[in-house]
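Data first, discussion second: the structure below is written as structure tokens.
The values are calculated or read from the model by the stated rules, or taken from the named source; none is laboratory data. Because the structure is a prediction, the values reported are computed rather than measured. Backbone-built Cβ (ideal geometry, glycine too); neighbour counts: all protein chains shown.
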Amino acid sequence: MEEKTVIILGVKYKITDNVPFEDMPDNCDGCMDCTAKTIKLAKIEQNKNSVRDLDCYKRKVLRHEIIHAFLYESGIWSNSGNVTNWGLSEEITDWIAIQFPKMLKVFKEAECVD
């Protein structure tokens, strides 16, 4: 397994890659644990049912889990269920606009953007 750390809004998160599938939550290629401040990515192997570019897919999964961590550390994690048409919300649009420079820095440190 490979490990690295990133700082998400002042909080250190450990990223572990190539985690054996049996050590991952069921049916997950990635997961973020806000209590342990960890992000885990499953060891994925090429097969007839997988996407062709596994490196591209794993970077997407890592970005997804990092965004979960940003949402948690921002306090949005559990307070967003009362919005209809969440994608149209000015709140989330403003949040992305404000947090994106910080997110990009973490994405670069985690090596999950081209």
Just for the range 63-114: of the residues that are modelled with pLDDT of 90 or more and of a type in the set (Asp, Glu), which one is surrounded by the most Cβ atoms within 10 Å (Cβ to Cβ)? GLU65
Could you check the range 51-79 and list, in sequence order, the residues that are farther than 18 Å from ILE8 by Cβ, touching a helix residue (DSSP H, G or I) at 6+ places or on another chain (Cβ under 8 Å) and of a type in the set (Ser, Thr, Tyr)? none
Under 6 Å by Cβ, and 6 or more places apart or on different chains, what pairs join a residue from the range 46-60 that is part of a loop (DSSP other than H, G, I, E, B) with one that is surrounded by fewer than 10 Cβ atoms within 10 Å (Cβ to Cβ) and modelled with pLDDT of 85 or more? none
Sole exception among (1) of a type outside the set (Phe, Trp, Tyr); (2) under 15 Å from CYS112 (Cα atoms); (3) under 16 Å from the mean Cα position of the chain (by Cα) for ASP53, by number: (3)
Can you name the residue in the range 28-44 that is in a loop (DSSP other than H, G, I, E, B) and out of contact with any Leu (no Cβ under 8 Å at 6 or more places or on another chain) and is also surrounded by the fewest Cβ atoms within 10 Å (Cβ to Cβ) among such residues? THR35
